[in-house]
Amino acid sequence: MSGGFTPGDKVRVSDRTHPGHHRTPGYLKGKTGTIERVHERFSNPETRAYGEDGRPAQRLYLVGFELPEIWSEYRGATDDRLAADVFEHWLEPAP
Amino acid sequence: MAQAIHDRGGWPTDEPIDMTEHGLADWELLMDAIVGALGARGVMNVDELRRGIESMDPTAYEAASYYERWLFAVETILAEKGVVTPDELEEQLR
């Protein structure tokens, strides 16, 4: 697992499947964005969803994506962006 | 694996989005309060609630309203934890 991202870092959302509860939206999987803000660590919803305590807490980041990166057929303004909170263990460094 | 029924961002649709405001029925307010109380007492948390919602049969999910999904999830999770049994719920509805 990678980590310790800082604002401006390029990151790719892992496209791995995860059959259990998780908060990473399918439309972002495999997409590349930019770290915009480093949030706190939060208890992990993926284990809390099964009655555990969610530890260790996971770092959350605000990640910005260009809309054409997410939807190739997007026809709005080319600088339209989407911001999403993504947990660290779903992010990989991107070139 | 296909995306789960709740994970629908970007799904194509030609359907208009219903933006009308609507009032909440008494049972919906009660449903909200029950989930708040269960969380405050440490019986079940919001992530379990969401897992319960996501476990719904896709056809039932589509047919259910917002708080009907909460009700399904609370019944599912509380039964899983042994707090109430489906038989006990059924008994109360007779």
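Averaged over the residues of A:43-52, the number of partner chain Cβ atoms lying within 10 Å of the residue Cβ comes to 4.
One quarter of the surface of the convex hull around the alpha-carbon atoms of chain B equals 8.2 nm², the direction-averaged projected area.
Each principal axis of the Cα atoms in the protein assembly as shown has its own extent, and those three values, largest first, are 61, 42, 30 angstrom. Inter-chain neighbour count for B:9-22: the average number of beta-carbon atoms from partner chains within 10 Å of each residue's beta-carbon is 1. With helices as the sole contributors, the protein assembly as shown gives -9000 deg cm²/dmol at 222 nm; each DSSP H run of n ≥ 4 counts as -39500 (n - 2.57), and the sum is divided by every residue. The value of relative contact order for chain A, using C-alpha pairs under 8 Å at least six residues apart, is 34 percent. Size descriptor for chain A, Kirkwood hydrodynamic radius: 13.9 Å (Cα pairs only, one decimal). Within segment B:1-51, the percentage of alpha carbon pairs spaced more than 17 angstrom apart rounds to 61%. Rounded to 0.05, the FRET efficiency of the B:Glu91 and A:Asp53 pair, given R0 = 35 Å and the Cβ-Cβ distance, is 0.55.
Values in this text are rule-based calculations from the coordinates and carry no lab data. Since we're looking at a predicted model, the values are computed, not measured. We place every Cβ from the backbone using ideal geometry, glycine too, and count neighbours over all the protein chains shown.
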